[in-house]
Amino acid sequence: MNLFTRVAIPCLLASVAWVGPAAAADYDPPLVVTADELPVEEYVPVEVGNGWYIRGDIGYDAAVSTNGGVSYRTFDSGTSTYSDSSFAITRLGRDFSYNVGFGYQYNSFLRGDLTLSSFQSRFDGTTTSAQPCDPAQVGTTCRSEDSSSFTALTLMANGYVDLGTFAGFTPYAGAGLGMARVEWRGLTNSTYCVDGANACSPTGLMGTTVHPGEASWRFSYALMGGVAYDISKNLKLDLGYKYQWVDGDGMFGWDAASAAAGATGTQGHDSGFSSHEVRVGLRYALW
């Protein structure tokens, strides 16, 4: 064995002995994980919606009017013919309204709701005739005073545009379409003799008749505007104005004597009415 062999072989064996343990130390056996040791994902519930709200308002009808007043028919039992006429003076009284609703805020600018509203008004009308209330009272004229009232229940779908929030105040504008159930109560008609060429005898009230009220579903629309104030994160104070129009339809029927004489159909019709309403209410976000 020469000198190279005596030196090289021991050095090679020493190198293998040093590398072997180092390589063995760097090797990790495969990790076995049981089902119980697998990480569990945290459950996150699905959000149904975060824009739902309920609302309630009370309003005051500052002005209620009819466009065209109230028209009615008279019946001549002798000829079985009808004639058209109208009240000389009509007035609708002012009253409070009540509103509840359920809606959804789509984003910072758009929202919509369904509302159920109830309001009522009193009607007073006056007519005059050149003819006497009683044919026997020649030379006199006749005046009638009529009174009734109605209740309207309105179901309406509304849309609004919120115009941005400034220091907690959010101005808005909106519009709605729906149907109104209008129920007229009976109309009381009182006739009075009025002195003319001759004096009334007797004077004053000549008689009173009652006409049955009519009820119907009618088309309605509304225009709204106002401002909401953030009382808290979920609660808003709403102060607004609402204009509402309700289509015209039947108002009252024939009195018992006219119906017995052959009069048919509806005697009186209103031409529809409009209201200008100031409202205050609350909106509460459910989520």
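Does residue 197 satisfy the condition of being part of a loop (DSSP other than H, G, I, E, B), touching a residue at least 24 places away in the same chain (Cβ under 8 Å) and out of contact with any Ser or Thr (no Cβ under 6 Å at 6 or more places or on another chain)?
Values: part of a loop (DSSP other than H, G, I, E, B): yes; touching a residue at least 24 places away in the same chain (Cβ under 8 Å): yes; out of contact with any Ser or Thr (no Cβ under 6 Å at 6 or more places or on another chain): yes.
Considered against the rule, which asks whether it is part of a loop (DSSP other than H, G, I, E, B), touching a residue at least 24 places away in the same chain (Cβ under 8 Å) and out of contact with any Ser or Thr (no Cβ under 6 Å at 6 or more places or on another chain), residue 197 comes out as yes.
Answer yes if at least one residue in segment 184-205 is surrounded by 15 or more Cβ atoms within 10 Å (Cβ to Cβ), more than 22 Å from residue 124 (Cβ to Cβ) and modelled with pLDDT under 95, and no otherwise.
Yes; the residues of segment 184-205 include at least one that is surrounded by 15 or more Cβ atoms within 10 Å (Cβ to Cβ), more than 22 Å from residue 124 (Cβ to Cβ) and modelled with pLDDT under 95.
Residues that are touching a Cys at 6+ places or on another chain (Cβ under 9 Å): which strands (runs of 3 or more DSSP E) entirely in segment 60-176 hold 3 or more of them? First the steps, then the outcome.
Numbers: elements: 70-76, 81-86, 89-92, 96-105, 110-129, 141-162.
Correct list: 110-129, 141-162.
Can you confirm whether segment 104-116 contains a residue that is of a type in the set (S, T, N, Q), surrounded by 12 or more Cβ atoms within 10 Å (Cβ to Cβ) and within 17 Å of residue 224 (Cβ to Cβ)?
Initially, segment 104-116 is screened for residues of a type in the set (S, T, N, Q), giving 105, 107-108, 115.
Add one more test, that the residue is surrounded by 12 or more Cβ atoms within 10 Å (Cβ to Cβ), and what stays is 105, 115.
Right, trim to within 17 Å of residue 224 (Cβ to Cβ) and you get 105, 115.
Checked segment 104-116: at least one residue is of a type in the set (S, T, N, Q), surrounded by 12 or more Cβ atoms within 10 Å (Cβ to Cβ) and within 17 Å of residue 224 (Cβ to Cβ).
In segment 208-239, which residue that is hydroxyl-bearing (Ser, Thr, Tyr) and in a strand (DSSP E or B) is surrounded by the fewest Cβ atoms within 10 Å (Cβ to Cβ)? Write out each step before concluding.
First pass over segment 208-239, keeping only residues hydroxyl-bearing (Ser, Thr, Tyr): 208-209, 216, 220-221, 229, 232.
Now narrow it down to the ones that are in a strand (DSSP E or B): 208-209, 216, 220-221, 229.
Values: 208: 12, 209: 16, 216: 15, 220: 22, 221: 15, 229: 14.
So the residue we want is 208.
Taking only segment 240-258 into account, find how many residues are surrounded by 16 or more Cβ atoms within 10 Å (Cβ to Cβ) and part of a helix (DSSP H, G or I).
Number of matching residues: 1.
Is it the case that some residue within segment 155-165 is crowded, with 16+ Cβ neighbours inside 10 Å, at pLDDT 95 or above and within 26 Å of residue 69 (Cβ to Cβ)? Please lay out each step first, then the result.
Restricting attention to segment 155-165, the residues satisfying the condition of being crowded, with 16+ Cβ neighbours inside 10 Å are 156, 158-160, 162.
In the following step, the residues that additionally are at pLDDT 95 or above were identified as 156, 158-160, 162.
Among the residues that remain, those that are also within 26 Å of residue 69 (Cβ to Cβ) are: 156.
Within segment 155-165, one or more residues are crowded, with 16+ Cβ neighbours inside 10 Å, at pLDDT 95 or above and within 26 Å of residue 69 (Cβ to Cβ).
Can you find a residue that is more than 23 Å from residue 263 (Cβ to Cβ) and at pLDDT 90 or above anywhere in segment 59-73?
yes
The values are calculated or read from the model by the stated rules, or taken from the named source; none is laboratory data. Since the model is a prediction, treat every value here as computed from it, not as a measurement. Positions of Cβ are generated from backbone atoms using ideal geometry, with glycine treated the same way; all protein chains shown enter the neighbour counts.
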